[in-house]
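Read-outs throughout are calculated quantities, based only on the coordinates presented, and are distinct from any laboratory measurement. In this text the structure is predicted, and so the values were computed from the model without any measurement. Here the Cβ positions follow ideal geometry from the backbone for every residue, glycine too, while neighbour counts run over all protein chains shown.
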Amino acid sequence: MAKFEITTRKNGEFQFNLKASNGEVILTSEGYTTKAACLNGAESVKKNAVEEKRFEKMVAKNGKPYFTLKATNGQVIGQSQMYASERNRDNGIASVMKNAPIAEIVEMV
């Protein structure tokens, strides 16, 4: 089962990782100053991940494809890892669309 894992960064900020059922991280959040804001971010991913238009396909300076997920206000709420190919990136988007809406939220802090 897919899940959002809420963790604390070394600087004290909270973040979440969306993990697929195989344990692979498919989306990572920004840092949040409070756990409540981080939980709201995870809920926002659940809502926005069902709309393909919320995903922005990007290419890093090193040529590696990745994607971001944006909320309705245009704010980035999650970013993927770097992928070896555009096909793999597109599969990552499909995985977030499938897994995020049904993922449980687990607090690791």
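Assorted remarks:
- The range 50-86 and the range 1-25 have Cα centres lying 17 Å from one another.
- Taking the number of Cβ atoms within 10 Å of each Cβ as an exposure proxy, the fewest-first ranking of Lys64, Lys57 is Lys57, Lys64.
- Subtracting the Cα-Cα distance of Met58 and Ile105 from their residue separation scaled by 0.36 nm leaves 14.2 nm.
- Neighbour-count order for Ser80, Ser95, fewest beta carbons within 10 angstrom listed first: Ser95, Ser80
- Helical content of the chain, expressed as a calculated mean residue ellipticity at 222 nm, amounts to -8500 deg cm²/dmol (DSSP H runs of 4 or more residues, -39,500 (n - 2.57) each, divided by residue number, nearest 500).
- Counting DSSP beta bridges with both ends in the range 3-107, the antiparallel % (nearest 5): 85 percent
- With a cut-off of 15 Å between beta carbons, the residues surrounding Pro65 carry a summed charge of +2, where Lys and Arg count +1 and Asp and Glu -1.
- Taking other C-beta atoms within 10 Å as the exposure proxy, Thr72, Thr8 rank Thr72, Thr8 from fewest upward.
- Local electrostatic count at Met82 - Lys and Arg +1, Asp and Glu -1, tallied over other residues with Cβ under 11 Å: +3
- Whole-number percent relative contact order across the chain, with pairs defined as alpha carbons under 8 Å at least 6 apart: 31 percent
- With a simple spin-label model that places each label point 7 Å from the Cα along the Cα-to-Cβ direction, the separation between Thr28 and Asp90 comes to 2.6 nm.
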